[in-house]
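Taking it in order: structure first as structure tokens, then the write-up.
Read-outs: derived from the displayed coordinates by stated rules, not from any lab. This structure is a prediction, so every number in the text was calculated from the model and none was measured. Note: ideal-geometry Cβ built from the backbone for every residue, glycine included; neighbour counts use all protein chains shown.
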Amino acid sequence: MAPRAYTRLTRFALWALAAIVVTGVAVRLTGSGLGCEDWPTCSEDRFVPDLEYHALVEFVNRLFTGVVAIAVIAAVLGSWRRRPRRTDLVLLSLGLVAGVLAQVGLGALLVLSELDPRFTMGHFLLSMVLLWNAAVLDSRARNDAEAAGAAGRPGGRTPPGRPPDGTTRLMLWAVLVVGGALLVTGTLVTGAGPHAGDSRAERLPLLVREVARIHSIVALALLGMVVWTWWRLRAANSGGHVRMGRIAVLLVVQGAVGYTQYFTGVPVLLVGIHVALASITWIEIVKAAHDPAAGSAKSPAPGPADGVLMAGARP
């Protein structure tokens, strides 16, 4: 398998894992978390549910796990068939397998515990770890494929913008850490909030307004860090400033959706949009930290005149 062909498999795995986050939150928001009360069957000895709304919603989400499994298996097999084979891509693809198996086990515990909010939080956060793994896999496979393709074209590979300096690289990793903290505080809001997935599920003994305030403070801090990092990357003519700009826009939209849902009684549609945007934002943050020079137009390759000037340059 050629490197460029393999990137189609890594992108498929990434977006399948992002999509199942959305289908999973749809189960919770429709109150269908216990639509199938057993695991792995839906109810007692029945694998297929009765024609009942909540059971069908939960069952469709379980079926989509099959799509995710196909995508992950394809990514693993592709990493072995890819030429040249890269050990890091093989290990990252195997990490997806481990994550999906852990999700299956955690999903079973979630159902058997009747949607204990701690398992709900763990289920979502493990999904974010899987997205991290898939985003790094996709980013590395794509960069390698682009480098190989550019090397085969006349003129060689066009160099990217300047790599970020040490301080900016540190800030990119700090953005990743604070982004993870934002996800954790978001799960606390979810665990204390009204959308438990079923009317019988317990909630965390926390005041929603207090954990929502903490969540918003972390979000504002993250936005400030992203804007400052964007400014440094742009001033240094580093390619990553375009991606950081996208992250800033996504955070602003996220904030608008979050405040709207808070002051309008947490409608389910806005919560679903909020979670979907959170997944996309997290993917962008991960890629920014692991591939800081990507995401912008490339600088032109130096021509013959530039070579003469550089050869004759003096300190």
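A full extension of the chain between residue 220 and residue 125 corresponds to an added length of 32.1 nm, given 0.36 nm per residue minus the alpha carbon distance.
Compared with the rule-of-thumb size 2.2 N^0.38 Å for a compact globular protein, the stretch 1-62 has a Cα radius of gyration ratio of 1.49. Against the chain, whose longest principal axis comes from its Cα atoms, helix 208-235 is set at around 10 degrees. Each peptide in 123-134, 218-229 receives the mean, over its residues, of other Cβ atoms within 10 Å, and ordering these scores from highest gives 123-134, 218-229. Calculated mean residue ellipticity at 222 nm for the chain: -25500 deg cm²/dmol, from DSSP H runs with n ≥ 4 weighted as -39500 (n - 2.57), summed, divided by the residue count and rounded to 500.
Over all alpha-carbon pairs in the stretch 76-230, figure out the percentage whose distance exceeds 26 Å. The calculated P(r) of the stretch 76-230 puts 49 percent of pairs beyond 26 Å.
FRET efficiency for the pair residue 228 and residue 64, taken as 1/(1 + (r/R0)^6) with r the Cβ-Cβ distance and R0 = 30 Å, rounds to 0.20.
When the Gaussian network model of the chain links Cα atoms closer than 10 Å, the mean-square fluctuations of 191, 179, 105 top out at 105. Cα extents for the stretch 58-111 along the principal axes, largest to smallest and rounded to whole angstrom: 42, 18, 8. Size descriptors for the stretch 36-90, from the alpha-carbon set: Rg then Dmax equal 17.1, 50 Å.
Taking 0.36 nm per residue of separation and subtracting the current Cα-Cα distance, fully stretching the chain between residue 38 and residue 22 would add 3.6 nm. Rounded to the nearest 10 degrees, what's the angle between the helix 166-192 long axis and the longest principal axis of the chain, both from Cα atoms, 0 to 90? Taking Cα atoms only, the helix is inclined about 10 degrees.
In terms of overall dimensions, the chain has a Cα radius of gyration and Dmax of 22.3, 81 angstrom.
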